[in-house]
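The values are calculated or read from the model by the stated rules, or taken from the named source; none is laboratory data. Treat the numbers as computed from the prediction; the structure is a model and nothing was measured. We place every Cβ from the backbone using ideal geometry, glycine too, and count neighbours over all the protein chains shown. Protein only, heavy atoms only, side chains kept; ligands, DNA and RNA dropped before computing areas. Shrake-Rupley method; radii C 1.70, N 1.55, O 1.52, S 1.80 Å.
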Protein chains: 2
Amino acid sequence: MSGAGFVAGDWGTSHLRLFLCDAEGAALDSVTGPGAAETGGRFADVLASLVAPWQERYGALPALLCGMVGSSIGWAQAPYVPCPAKPEHIVDACVALHGGTVHIVPGLSCRNRFNAPDFLRGEETQILGAMKLVASLGQGLQLLCLPGTHSKWVLAEDGCVREFFSAPTGELFAVLRDHSVLVCNRGTHDGADSAAFRKGMAHFNEFPQAQLLHRLFECRARQLSGELTAQAAEAYLSGLLIASDVHGALRLLPESVTASPICLVGSSELTHRYAAALTFNGREAHRVDGAAASLAGLAQVHRRLSSLPEVTHEF
Amino acid sequence: MSGAGFVAGDWGTSHLRLFLCDAEGAALDSVTGPGAAETGGRFADVLASLVAPWQERYGALPALLCGMVGSSIGWAQAPYVPCPAKPEHIVDACVALHGGTVHIVPGLSCRNRFNAPDFLRGEETQILGAMKLVASLGQGLQLLCLPGTHSKWVLAEDGCVREFFSAPTGELFAVLRDHSVLVCNRGTHDGADSAAFRKGMAHFNEFPQAQLLHRLFECRARQLSGELTAQAAEAYLSGLLIASDVHGALRLLPESVTASPICLVGSSELTHRYAAALTFNGREAHRVDGAAASLAGLAQVHRRLSSLPEVTHEF
């Protein structure tokens, strides 16, 4: 067994996942902790206590963190890197703190196709990782989709992130499930009725030019009419939302981009649903696990950081 | 001053507004009370106590009620009348209770253009009232829009309601304002920044084929970039939502329907915003006050009920 090389962490708003990695970036161990919003500002203490058992065994270890830990609610602000952003731009903009033993990966900003500002943080690392895990992703024009609370559609060209746009698909699902009268079921099902999910998706795609707004009331009306149970209505809502996200995104992008396989990066459940929606639209998808992509991205940034003379010196 | 003829009430989920009317339906007095969800099932008691001062002066008065009072959470269920629905179908389906001294107006159901079930309750009375207040509405093919928590787009032909479809525009605004990270302002502004409202509307209309989902994140991103204050973001969100509702609805309907002036029925603030969005899309709108439409509709149903021999007998 090789020795430990560094600690890699994806520190989001509500979750922290730390990995103990060897020098190549392979995970030797992992631990979870409180999200950035839950630390009460005590980032250094939280990190120190979580890595203490590893440091006892392996000595001092540098840490590389991505996600909301670099935002205004985080440990230190790592300013957004504007697109087009190459991997080296991201590495160069990593913020060193705690005497250079901790680095934070910056997020990305762009002016999207609606001429609106757009931002991501944490996904930049997953994008870098996915490109490492799927070699073809680093070549030519490629479309990635990172579904989640705020789904990101990302256009990359030869490994450079050119543009992205966001859709708060997961957040909309959660607020409608938990706070609207459209879904009366206050359960923890997360829309897990696959038949109802597919029905919502198929129904949306029958009128893909329609605005989502004019399909949402169905979640309630089909319960009133007895066509959907409360639990199924939740999955139907998920189907409508993901179909709207996928079909809408495909319509925004040129065929030349969407004809190649589209890379989905995220949880197994979500990428499965997005893949179904892409297939429904005649597109090919390949799925990459989000946590694996994070880890691969952090490893890649670590390698590049380590190869920079001044940063090596700081470690 | 003419004598009182009947009591007319719009009894919604969260509000009750009762009018003391003369025989022609002109309001002599009004009072507010608890919504259907707040009565604890004591509908008869609530009504009796609110009309007691009027009965003391004028003697026993029949009451005609519309809205959620006729739903499964209401006093008695007044089953939905299927479309196409003529005014006389609605009157015939009124439910008599309390010894025939109280009547409840039924809602409407239809299979809308998405082949989905759709329902409304309370709006049927506003539609009848609007047709009375705007004589031209009762002739030929007409489009009405009743914006609100669940906005209704209604196609009427020669006074008959042919079809409608719903958009939970108001509910989506409220849940996103109160429970999402898209708008960080937990105020009571209701999107009252008209410049930001117009900006959201204009920006949506620059890409009207886009799905709403891909524009919502802007509410947050434009705050991050300093382009919008938290308060303005709420109004911007309102602009995006209403533009999506209006443009989407116009695209669903044939030009022959949307070329004529579109009748907006609702609160002054909401119909003003919808009129702005219609004007933006090159359409003409006329606005009818929602409470006035309710009252006119109830008066019309009362007149028709009174002219039916068997119902007159019940009073």
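Tabulated results
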quantity: Reduction of at least 30 Å² in accessible surface, 1.4 Å probe, comparing all protein chains with the chain by itself, residues of the stretch B:161-178; calculated: B:Ser166, B:Pro168, B:Glu171, B:Leu172, B:Val175
quantity: The stretch B:141-276: radius of gyration over Cα atoms, expressed as a fraction of 2.2 N^0.38 Å; calculated: 1.07
quantity: Partnerless Cys - chain B, beta-carbon criterion under 4.7 Å; calculated: B:Cys21, B:Cys66, B:Cys94, B:Cys145, B:Cys160, B:Cys184, B:Cys219, B:Cys263
quantity: Helical mean residue ellipticity (222 nm; -39500 (n - 2.57) per DSSP H run of 4+; nearest 500) of chain B; calculated: -12500 deg cm²/dmol
quantity: Computed E for A:Ser225/B:Asp178 - FRET, C-beta separation, R0 25 angstrom, nearest 0.05; calculated: 0.30
quantity: Counted charge near A:Gly5, where neighbours are those whose Cβ lies closer than 9 Å (Asp, Glu -1; Lys, Arg +1); calculated: -2
quantity: Shielding score for A:251-259, defined as the mean number of other chain Cβ atoms within 10 Å; calculated: 1
quantity: Debye log10 I(q)/I(0) for the stretch B:34-156, one point scatterer per Cα, at q = 0.10, 0.13, 0.18, 0.19 Å⁻¹; calculated: -0.36, -0.60, -1.03, -1.11
quantity: B:Arg111/A:Ser136 FRET efficiency (R0 56 Å; Cβ-Cβ; nearest 0.05); calculated: 0.75
quantity: Rounded tilt (10° steps) of A:230-252 against the dominant C-alpha axis of chain A; calculated: 70 degrees
quantity: Label point distance in nm, B:Ser268-B:Ala195, each placed 7 Å from Cα along Cα→Cβ; calculated: 2.4 nm
quantity: Principal axis dimensions, largest first and in whole angstrom, of the protein assembly as shown by Cα; calculated: 95, 47, 44
quantity: Mean Cα-pair separation over length for chain A, i.e. relative contact order, pairs under 8 Å, 6 or more apart, %; calculated: 16 percent
quantity: Top of B:Ala195, B:Ala63, B:Ala116 by mean-square fluctuation, Gaussian network on chain B, Cα under 10 Å; calculated: B:Ala116
quantity: Orientation-averaged projected area, Cα convex hull of the stretch A:90-131 (nm²); calculated: 3.7 nm²
quantity: Inter-site label distance for B:Glu206 and B:Ser49 at 7 Å from Cα along Cβ, in nm; calculated: 5.5 nm
quantity: Acute angle (nearest 10 degrees) that the helix B:169-179 long axis makes with the longest principal axis of chain B, alpha-carbon atoms; calculated: 60 degrees
quantity: Binned Cα-Cα distance frequencies in chain B - 20 Å width, integer %; calculated: 32, 53, 15, 0
quantity: Other-copy label distances relative to B:Cys160, 7 angstrom Cα-Cβ extension, nm; calculated: 6.4
quantity: Potential lengthening between A:Ser14 and A:Ala37 on full extension [0.36 nm per residue; Cα-Cα distance subtracted]; calculated: 7.7 nm
quantity: Cα centroid separation - the stretch A:146-175 against the stretch A:203-228, whole Å; calculated: 24 Å
quantity: Within a Gaussian network of chain B (alpha carbon springs, distance under 10 Å), most fluctuating of B:Pro34, B:Pro53, B:Pro147; calculated: B:Pro53
quantity: Beta bridges by DSSP in chain B, antiparallel share as percent, to the nearest 5; calculated: 70 percent
quantity: Under 9 Å, Cβ to Cβ, from A:Pro261 - net charge with Lys/Arg +1 and Asp/Glu -1; calculated: 0
quantity: The stretch B:134-261 - percent relative contact order, Cα under 8 Å, separation 6 or more; calculated: 24 percent
quantity: Largest to smallest accessible area among A:Leu133, B:Leu137 [probe 1.4 Å]; calculated: A:Leu133, B:Leu137
quantity: Other-copy label distances relative to B:Ala202, 7 angstrom Cα-Cβ extension, nm; calculated: 4.5
quantity: Surface share of carbon and sulfur [accessible, 1.4 angstrom probe, percent] for the stretch B:161-315; calculated: 54 percent
quantity: Set B:Lys86/B:Lys152; B:Lys86/B:Lys132; A:Lys132/A:Lys152; A:Lys86/B:Lys199; B:Lys132/B:Lys152; A:Lys86/A:Lys132 screened for pairs whose C-alpha atoms are more than 24 Å apart; calculated: A:Lys86/B:Lys199
quantity: 0 to 90° range, to nearest 10: angle between helix B:123-133 axis and chain B longest Cα axis; calculated: 80 degrees
